[in-house]
1. Nothing charged except the Cβ atoms of Lys and Arg (+1) and of Asp and Glu (-1): what's the magnitude of the dipole of the stretch 1-132 about its Cα centre? Round to the nearest 20 debye.
2. With a ≥ b ≥ c the root eigenvalues of the C-alpha gyration tensor of the chain, is it rounded (a/c under 1.5), prolate (a/b larger than b/c) or oblate?
3. Below 8 Å between Cα atoms, with a sequence gap of 6+, how large is the relative contact order for the chain in percent?
4. In nm, give the distance between the simple-model label positions of ARG56 and GLN14, each being 7 Å from the Cα along the Cα-to-Cβ direction.
5. Step through the residues of the stretch 19-35 one at a time and calculate ³J(HN,Hα) from phi using the Karplus curve (6.51 cos²θ - 1.76 cosθ + 1.60, θ = phi - 60°), rounding each to whole Hz and writing x for Gly and Pro.
6. Compare HIS55, HIS84, HIS181 in a GNM of the chain, Cα atoms joined below 10 Å, and give the one with the largest fluctuation.
7. So, in Å, what gap is there between the alpha-carbon centers of the stretch 124-198 and the stretch 76-111?
8. Can you pull the accessible area of ASP30 for me, 1.4 Å probe, Å² to the nearest 10?
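The values are calculated or read from the model by the stated rules, or taken from the named source; none is laboratory data. Keep in mind the model is a prediction, meaning the values are calculated, not measured. Counting neighbours? That spans all protein chains shown, and the Cβs are built from the backbone with ideal geometry, glycine included. Heads up: the accessible areas ignore ligands, DNA and RNA and are worked out on the full protein's heavy atoms, side chains in. Shrake-Rupley method; radii C 1.70, N 1.55, O 1.52, S 1.80 Å.
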Amino acid sequence: MEREVAARNASGAQLRIRAAGMPAVKTIEDFNFDHQPAARTPLQALASGAYLTEHRNVVLLGPPGTGKTHLAAALGIAACRQGHRVLFATATDWIARLSEAHERGRLAGELTRLRRYGLIIVDEVGYLPFAQDAANLFFQLVSSRYEHASLILTSNLAFSSWAGVFGDQVVAAAMIDRIVHHADVIALKGASYRLRDRGVDTLPSIKAEQESLD
Ligand code: ADP
Ligand code: MG
């Protein structure tokens, strides 16, 4: 009986992981924290999933290659194993999805439906700038989840640069306010893991970005 319950939970977790659309099955155990020592304690605490029942958010900031997507997916997998429904997509994909719902007059319904997911992951905020109406759509996603369900966001930009991405200082400030009110903000640092042992410390373009994050 116990074995059957365990098997059923495991297959439920597998179904949730598949349905979540994670880019790769990467786990916390696969992550080498010697490269990001400051992230070890907060990530291990987050992996327990308490933030999900408290409807708190997680923001992972840092230059390219520092493990933001890996850790976001790893937290997503942990959440699936803990019984939560999860959806992972890039910021660009989320905007496309919300725009489509909006055009069909179904935005409110879509936002309500998304609240049934305990965790929504928005990867790569900041790689591409958004149009003005996109910023408004994204703001509505953030507002509809505020104090109801968790978000994980990743970005290569400091919050101070988000206004440029969203094209609207006021919308960006209101959004960051809601995201950060109950959030763990984790700054990843250093050289790209992709470029390790290549004799390339950090690409020059990234050095400038990183300095702006400090
Ligand atoms: P980012 O999203 O910050 O650009 P990724 O999470 O995509 O970076 O990481 C780039 C690659 O390096 C991925 O294959 C990821 O699994 C791996 N990686 C990054 N940091 C670590 C780490 N500390 N330990 C193990 N693998 C890592
Ligand atoms: Mg990434």
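1. On the way: 16 positive and 12 negative charges, 87 e Å.
Taking the Cα centre of the stretch 1-132 as origin, the dipole is about 420 debye.
2. On the way: a/c = 1.84, a/b = 1.06, b/c = 1.74.
Verdict is oblate for the chain.
3. Details: 333 pairs, mean separation 60.8, N = 214.
For the chain, the relative contact order is 28 percent.
4. Taking the simple label geometry, ARG56 and GLN14 are separated by 3.3 nm.
5. Result, rounded to whole Hz: 6, 6, x, 5, x, 7, 8, 10, 10, 4, 5, 6, 8, 8, 6, 4, 7.
6. Residue with maximal mean-square fluctuation among HIS55, HIS84, HIS181: HIS181.
7. 15
8. About 90 Å², rounded to the nearest 10.
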